[in-house]
1. Which one is nearest to the chain's Cα centre (by Cα), of the residues in region 49-60 that are within 20 Å of residue 97 (Cβ to Cβ), part of a helix (DSSP H, G or I) and at pLDDT below 90?
2. Restricting to region 66-88, give me the number of residues that are assigned to a helix (DSSP H, G or I) and under 22 Å from residue 32 (Cα atoms).
3. For region 1-48, what are the residues that are closer than 19 Å to residue 97 by Cβ, in a loop (DSSP other than H, G, I, E, B), in contact with a helix residue (DSSP H, G or I) (Cβ under 9 Å, 6 or more places away or on another chain) and free of Cβ contacts under 8 Å to residues at least 60 places away in the same chain?
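The values are calculated or read from the model by the stated rules, or taken from the named source; none is laboratory data. Just so it is clear, the model here is predicted, and its values are computed rather than measured. Every residue, glycine among them, receives a Cβ derived from its backbone with ideal geometry; neighbour counts consider all protein chains shown.
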């Protein structure tokens, strides 16, 4: 019964065409950022993102991912070493931030 109610609430706007002009209609969802976000931040992340705010931990993960994507573009070992060093530094910052979050939850 509950499913029928939900289905009817969804079917009506579909029949009216309310979802026809949504951005990215028919395109696959890119869930990379979602799965790169730590599990404990996943619920809050989209809300903050829609408000134009990213938690520092998510921003660090985005930076790390961006740097990892850059690694393939450089064949120069010096540039790769520099990027790996930046990734390491950001990873340490991220780990510290996550440890703080876990400690706050234990309290």
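1. Among residues in region 49-60 that are within 20 Å of residue 97 (Cβ to Cβ), part of a helix (DSSP H, G or I) and at pLDDT below 90, the one nearest to the chain's Cα centre (by Cα) is 58.
2. Of the residues in region 66-88, 11 are assigned to a helix (DSSP H, G or I) and under 22 Å from residue 32 (Cα atoms).
3. Of everything in region 1-48, those that are closer than 19 Å to residue 97 by Cβ, in a loop (DSSP other than H, G, I, E, B), in contact with a helix residue (DSSP H, G or I) (Cβ under 9 Å, 6 or more places away or on another chain) and free of Cβ contacts under 8 Å to residues at least 60 places away in the same chain turn out to be 37, 42.
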